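Data block below; observations after.
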Amino acid sequence: MTASPYSFPATSETGDPLLLTPGPLTTSRTVKAAMVHDWGSRDANFIEINRSVLTRLAGIANGAGDWVTVPMQGSGTFAVEAMLTTFVPADGEVLLLINGAYGKRAKRILEIAGRRTVVHETAEDTPPDLAEVEALLASQPSITHLFTVHCETTSGILNPIAQIGALAARYGKRYLVDSMSAFGALPIDVRAMHIDAVAASSNKCIEGVPGLGFVICRRDALARCAGNATTLVLDLHDQCTNLEKTSQYRFTPPTHVIVAFHQALDEFDAEGGVAGRGGRYRRNCRILLDGMRALGFRPLLAADLQAPIIVTFHMPDDPHFVFSRFYESLKARGFVIYPGKLTVADSFRIGCIGRIGETEMRAALAAIAEVLEEMGVAGLVEKTA
Ligand SMILES: *Cc1c(COP(=O)(O)O)cnc(C)c1O
């Protein structure tokens, strides 16, 4: 291992800065080490590793048997686009529940694919209004699909996917979920929540490396999607059919990523699955919120809307606080945070996910306190003290 240029004590196991971001994330040394081998895509061991990864992912969502995990090479958005363009036929119409950038991205995907959309949009700090959603479903029978984002990473808000699923079931709509930043940390039950398809990726809460998206699809719903796809590569029906028939991806699979993902799933199981992983992230989130409040920062979201994934903080109005300097000084101490993406407020974000725990969160808070002092924003502390 080469020496890290960062000297701050709480760095990752490899000495790299800790990624307090929504992904890619800090991964364990053992996940990274799984990638030192070269695998042929037709190697029997690789085929078995890939099969195991896909089976376990469906199990995490309580989909064993009736749901199938279809992998998609690329980042998470490739999986979301594959889900939307495979499931929504040319004459379909999607009700999109939007409260952030990822909901807007889904709309853009559908527009490019030439699919009709109906939008229920709320502010980035506000969950969908379920009464209004129900009114739309009742008054617009042309709607065929409902789409929502589990944790809208733009703000970190938790959307009520179970209640939305109950509405989809009551009105007989197909239900598609982007659970990218929540999958593995927050419970998702495709059966109980009436979910037809849910998209996520290798590099978020399962703590693998980037390069593989996946969609957990209700088998009988996917079976009716032949011919819907608007591109060759993002066709989940074709990808699934080919994988089941030949055990091969249609196009080169990211072999190293998949083997690392398998290792990440072993570590996920060892931590106690969703309950264990989610529990660690909830502790990280609590430490972060308490520590940042004590330093005078204000979170965007009310506690009951905050998912334990990423926290948005208002930009302090102290003139000594310069975000670019804050960011760079934290990076020099070994912590990478994330700029804001909100339209409702000037903000920045700090993630709670990845291979980090209490020690790393406390070290990040100590570094933040140090940087505030360096910038001369001690006033921030006094304001709320
Ligand atoms: C990370 C993320 C995605 C996918 O983003 P990529 O940059 O394509 O990996 C999609 N939706 C949500 C909610 C996300 O957090």
Completion exercise
When residue 51 is run through (1) away from the ligand (no atom under 16 Å from the Cβ); (2) under 21 Å from the mean Cα position of the chain (by Cα), the failure sits at (2)
Exercise for the section: Determine which single condition residue 257 fails, assuming it passes every other condition in (1) touching a helix residue (DSSP H, G or I) at 6+ places or on another chain (Cβ under 7 Å); (2) aliphatic (A, V, I, L, M); (3) within 16 Å of the ligand (Cβ to nearest atom). Expected result: (1)
Exercise for the section: Can you tell me which residue among 333, 325 is crowded, with 21+ Cβ neighbours inside 10 Å, of a type in the set (D, E, K, R) and over 22 Å from the mean Cα position of the chain (by Cα)? Expected result: 333
Exercise for the section: From 56, 105, grab the single residue that is in contact with a helix residue (DSSP H, G or I) (Cβ under 6 Å, 6 or more places away or on another chain) and in the same structural domain as residue 208 (by TED's automatic domain parsing). Expected result: 56
Handout entry: residue 284 vs. criteria polar (S, T, N, Q), surrounded by 15 or more Cβ atoms within 10 Å (Cβ to Cβ) and away from the ligand (no atom under 16 Å from the Cβ)
Key = yes
Handout entry: Among the candidates 232, 236, 243, 265, residue that is under 24 Å from the mean Cα position of the chain (by Cα) and more than 16 Å from residue 204 (Cβ to Cβ)
Key = 236
Completion exercise
Expected single match for not in a helix (DSSP H, G or I) and not aromatic (Phe, Trp, Tyr) among 269, 317, 290 is 317
Handout entry: Restricting region 183-222 to residues that are over 19 Å from residue 278 (Cα atoms), in a loop (DSSP other than H, G, I, E, B) and open to solvent by less than 10 Å² (accessible area, probe 1.4 Å), the residue that is farthest from the ligand (Cβ to nearest atom)
Key = 196
Completion exercise
Checked region 60-81 for anything away from the ligand (no atom under 16 Å from the Cβ), over 13 Å from residue 197 (Cα atoms) and open to solvent by 40 Å² or more (accessible area, probe 1.4 Å); matches are 64, 65
Practice task
Go through the residues of region 119-140 one by one and say whether even a single one is crowded, with 24+ Cβ neighbours inside 10 Å, under 27 Å from residue 339 (Cα atoms) and of a type in the set (A, V, I, L, M, F, W, C).
Solution key: no
Problem - Residues being surrounded by 13 or more Cβ atoms within 10 Å (Cβ to Cβ) and assigned to a loop (DSSP other than H, G, I, E, B) - total across region 225-262 - result: 13
Exercise for the section: Might you let me know whether region 166-175 holds any residue that is open to solvent by less than 40 Å² (accessible area, probe 1.4 Å) and either within 13 Å of the ligand (Cβ to nearest atom) or of a type in the set (Ser, Thr, Tyr) (or both)? Expected result: yes
Completion exercise
Of (1) modelled with pLDDT of 95 or more; (2) closer than 30 Å to residue 311 by Cα, residue 23 satisfies every one except (1)
Handout entry: Cβ-Cβ under 7 Å pairs, at least 6 apart or on other chains, region 185-208 side closer than 18 Å to residue 220 by Cβ, far side of a type in the set (Phe, Trp, Tyr)
Key = 190/67; 194/175; 195/175; 196/87; 196/175; 197/87
Exercise for the section: Enumerate the pairs (first residue in region 240-253 and within 20 Å of residue 228 (Cα to Cα); second residue anywhere and small (Gly, Ala, Ser) and surrounded by 15 or more Cβ atoms within 10 Å (Cβ to Cβ)) with beta-carbon separation below 9 Å, excluding pairs fewer than 6 apart on the same chain, so at least 6 apart or on different chains. Expected result: 249/41
Practice task
Would you check which residues across region 343-375 are open to solvent by 40 Å² or more (accessible area, probe 1.4 Å) and either of a type outside the set (Lys, Arg) or modelled with pLDDT under 95 (or both) and list them?
Solution key: 343, 344, 346, 358, 359, 360, 366, 370, 373, 374
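The values are calculated or read from the model by the stated rules, or taken from the named source; none is laboratory data. Treat the numbers as computed from the prediction; the structure is a model and nothing was measured. Positions of Cβ are generated from backbone atoms using ideal geometry, with glycine treated the same way; all protein chains shown enter the neighbour counts. SASA here: full protein model, heavy atoms, side chains in, ligands and nucleic acids out. Shrake-Rupley method; radii C 1.70, N 1.55, O 1.52, S 1.80 Å.
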